[in-house]
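To start, the structure itself, in structure tokens.
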Amino acid sequence: MTMRQTLKHATPAEAADRLEKLYAQASAALTAALDRYLNKRAVPSAETRSKFNYPALRVIHRQEQPQRPASRRSFGKLARQGVYETTVTHPGAFRGYLLEQLEPLVAEYGAEIETGVSSQEIPYPYVIERAEEIASANVPASELARYFPTPRLSAVGDELADGLWRRKEGEPYPLALFDAVRTDFSLRRLVHYTGSDWRHVQRWILLTNYHRYVDQFVRWGFEQIGNGSGYRRLVLPGNIVVGSEHSPAEAEALLASSPWHRYQMPAYHLTGEGDSGVTLINIGVGPSNAKNITDHLAVLRPNCWLMVGHCAGLRDSQAIGDYVLAHAYLRQDRILDELVPTSVPIPALAEVQVALQRAAAQVTGQAGDALKERLRTGTVVTNDDRNWELRFTQERKRINLSRAIAVDMESGTIAAQGFRLRVPYGTLLCVSDKPLHGEIKLPGAANAFYETAIAQHLKIGLAALDLLKESRDSLHSRKLRSFDEPPFR
């Protein structure tokens with residue numbers, strides 16, 4: 001990547017300021033040129049088109065230090081001397097993240113920071129969305145593609161995350177896992193799948209596979225707004241905002257008006273100051289959905305994602321409504337086998353495991369043997385076949401050898417994606433059926449105890465996030481780092 005209009009900066013804040021300015025200029029130039037084309041069919045000149053490029057960030061590490069700074073952080077580290085670069089999109093929205101990553105590089109390594117204009121063009125759909133206006137102007141997408149930059153799959157990939165990128169002699173090292181165009185690709189997908197602006201997504205994420213958790217989360221979220229908990233508002237699918245200014249009746253009316261059913265994986269955002277808010281996403285059923293949404297959430301660099309959903313209990317001692325804390329995963333989801341082969345172990349993250357167990361004790365009021373009666377720790381089988389029970393004869397040996405205690409369709413995928421994309425992860429499931437013991441899901445089988453278990457389960461997930469927020473600095477585990485990890489988390 002080449003950079004022009006390069007400037008050096010004394011502080012990370014100065015660099016962030018200029019990145020915002022450069023991005024605003026590029027976006028404005030692209031928008032103005034598109035307007036001229038739609039109104040007057042004025043084709044942008046080469047000089048005009050050169051203004052449509054993403055800003056770039058460069059970090060230079062010139063001197064090898066006698067002793068590397070002692071730090072348990074999993075990010076903000078420079079492994080070697082050299083130049084590191086990446087392109088940046090929406091620097092205003094990512095400002096806090098950028099400063100968090102840059103500050104230790106300057107303070108501990110004496111790194112130099114430069115910003116400039118990259119050679120990577122901004123595809124016009126990532127800046128403006130005016131499908132109706134473009135349609136009314138009778139301009140087909142193929143015509144716009146002749147004169148304006150469009151998304152190209154050849155420019156989007158996860159080679160860095162997957163360890164496939166190979167540096168050529170003289171090239172800069174990558175500064176981050178995801179460049180601007182990869183990030184923009186996922187930001188637009190998040191809007192499509194979740195039904196709300198990606199800027200509403202909080203840095204603490206709960207994923208579920210059952211809509212009843214949404215009902216509980218919304219009910220709990222209404223109670224949190226304006227009660228001194230630090231949460232400000234609840235954003236529903238369709239970008240419908242519920243705030244402290246709304247009465248309970250108004251909040252219920254807004255909830256009823258939310259078009260959540262239009263979206264494949266509707267998201268609900270309880271926003272808070274800084275990164276204290278929580279997002280709940282109903283990802284539906286299956287490993288394909290689990291991989292899809294986490295591929296896109298990863299570009300936001302969340303602090304954590306936890307799976308709180310349903311599973312089939314495999315042990316006779318388990319009861320409907322009991323909990324399963326996944327400590328290992330028997331991955332039969334098959335969707336990630338080429339990217340993260342099943343021979344690669346997916347480690348449990350101690351900080352997450354401890355937080356989930358402490359949260360379970362805190363919410364249930366149980367401890368010791370009483371808690372162990374409700375919560376089992378062990379291996380979860382993640383299967384890509386919802387009707388795995390129909391081939392139990394073939395599955396039995398492997399499940400038995402693994403000592404598995406539960407089966408689901410998402411947890412192993414979410415954990416493997418967290419490992420692959422360097423996002424801390426964990427799983428706490430609720431037993432909804434026991435097919436090996438004759439307790440299968442039948443219409444009307446849910447009882448009052450089961451309903452209570454769902455409400456309690458969600459509270460445990462939320463309590464675990466609160467505990468993780470207290471130990472955020474140690475949460476980003478070094479277990480997730482590769483040998484040649486980029487400096488940015």
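The values are calculated or read from the model by the stated rules, or taken from the named source; none is laboratory data. Not measured: the values here are computed from a predicted model. Cβ coordinates were reconstructed from backbone atoms using ideal geometry, including for glycine residues, and neighbour counts include every protein chain displayed.
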(request) Look through Trp260, Trp204 and report the one residue that is among the hydrophobic types (A, V, I, L, M, F, W, C), assigned by TED's automatic domain parsing to the domain that holds Val431 and under 28 Å from Gln357 (Cα atoms). (result) Trp204
(request) Go through segment 26-48 residue by residue and tally those that are touching a Pro at 6+ places or on another chain (Cβ under 9 Å) and surrounded by fewer than 17 Cβ atoms within 10 Å (Cβ to Cβ). (result) 1
(request) Would you be able to tell me the number of residues in segment 226-243 that are surrounded by 15 or more Cβ atoms within 10 Å (Cβ to Cβ), closer than 21 Å to Glu273 by Cα and either touching an Asp or Glu at 6+ places or on another chain (Cβ under 6 Å) or touching a residue at least 40 places away in the same chain (Cβ under 8 Å) (or both)? (result) 4
(request) Could you please tell me which pairs satisfy a Cβ distance under 8 Å, a separation of 6+ or placement on different chains, a first residue in segment 471-484 that is on the phi > 0 side of the Ramachandran plot and without any contact (Cβ under 8 Å) to a residue 12 or more places away in the chain, and a second residue that is surrounded by 13 or more Cβ atoms within 10 Å (Cβ to Cβ) and not in a helix (DSSP H, G or I)? (result) none
(request) Filter segment 471-489 down to residues that are part of a loop (DSSP other than H, G, I, E, B) and not charged (D, E, K, R) and give me whichever is modelled with the lowest pLDDT. (result) Ser477
(request) Look through Tyr97, Tyr124, Tyr109, Tyr147 and report the one residue that is assigned by TED's automatic domain parsing to the domain that holds Pro12, in contact with a His (Cβ under 9 Å, 6 or more places away or on another chain) and either in contact (Cβ under 8 Å) with a residue 24 or more places away in the chain or loosely packed, with under 15 Cβ neighbours inside 10 Å (or both). (result) Tyr109
(message) Quick check on my filter: what residues within segment 168-199 are part of a loop (DSSP other than H, G, I, E, B) and under 20 Å from Arg420 (Cα atoms)?
(response) Leu175, Ala176, Leu177, Phe178, Asp179
(request) Scan Gly272, Gly309, Gly313 and give me the residue that is of a type outside the set (A, V, I, L, M, F, W, C) and surrounded by fewer than 24 Cβ atoms within 10 Å (Cβ to Cβ). (result) Gly272
(request) Have a look at Ala464, Ala455 and point out the one that is surrounded by 19 or more Cβ atoms within 10 Å (Cβ to Cβ) and either at pLDDT 80 or above or not in a loop (DSSP other than H, G, I, E, B) (or both). (result) Ala464
(message) With the condition being among the hydrophobic types (A, V, I, L, M, F, W, C) and over 28 Å from Ser482 (Cα atoms), I'd like the strands (runs of 3 or more DSSP E) fully within segment 1-99 carrying at least 2 qualifying residues.
(response) none
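Here is a yes/no grid of residues against (1) more than 15 Å from Ile281 (Cβ to Cβ); (2) out of contact with any Lys or Arg (no Cβ under 9 Å at 6 or more places or on another chain); (3) not in a strand (DSSP E or B):
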site: Glu223; (1), (2), (3): yes, yes, yes
site: Ser229; (1), (2), (3): yes, yes, yes
site: Leu234; (1), (2), (3): no, yes, no
site: Val242; (1), (2), (3): yes, no, no
site: Leu254; (1), (2), (3): yes, yes, yes
site: Tyr268; (1), (2), (3): no, yes, no
(message) Please return the ranges of helices (runs of 4 or more DSSP H) entirely within segment 356-425 where 1 or more residues are loosely packed, with under 12 Cβ neighbours inside 10 Å and modelled with pLDDT of 90 or more.
(response) 368-374, 392-402
(request) Check off (1) charged (D, E, K, R); (2) under 25 Å from the mean Cα position of the chain (by Cα); (3) over 22 Å from Leu105 (Cα atoms) for Glu85 and give me the number that stays unchecked. (result) (3)
(message) So, Leu190, is that one touching a Gly at 6+ places or on another chain (Cβ under 7 Å) and of a type in the set (A, V, I, L, M, F, W, C) or not?
(response) no
(request) Go through segment 301-321 and give me each residue that's within 27 Å of Val156 (Cα to Cα) and not in a strand (DSSP E or B). (result) Arg301, Pro302, Asn303
(request) Working only within segment 160-214, note down all residues that are more than 14 Å from Asp295 (Cβ to Cβ), basic (Lys, Arg) and crowded, with 21+ Cβ neighbours inside 10 Å. (result) Arg203
(message) Against the definition (in the same structural domain as Glu143 (by TED's automatic domain parsing), at pLDDT 90 or above and on the phi > 0 side of the Ramachandran plot), how does Gly92 come out, yes or no?
(response) no
(request) State all residues of segment 278-300 that are outside any helix (DSSP H, G or I) and buried (at least 23 other Cβ atoms within 10 Å of the Cβ); if no residue qualifies, say none. (result) Val278, Thr279, Leu280, Ile281, Asn282, Ile283
(message) For segment 183-198, check the following and say yes or no: at least one residue is touching a residue at least 60 places away in the same chain (Cβ under 8 Å) and touching a Leu at 6+ places or on another chain (Cβ under 6 Å).
(response) yes
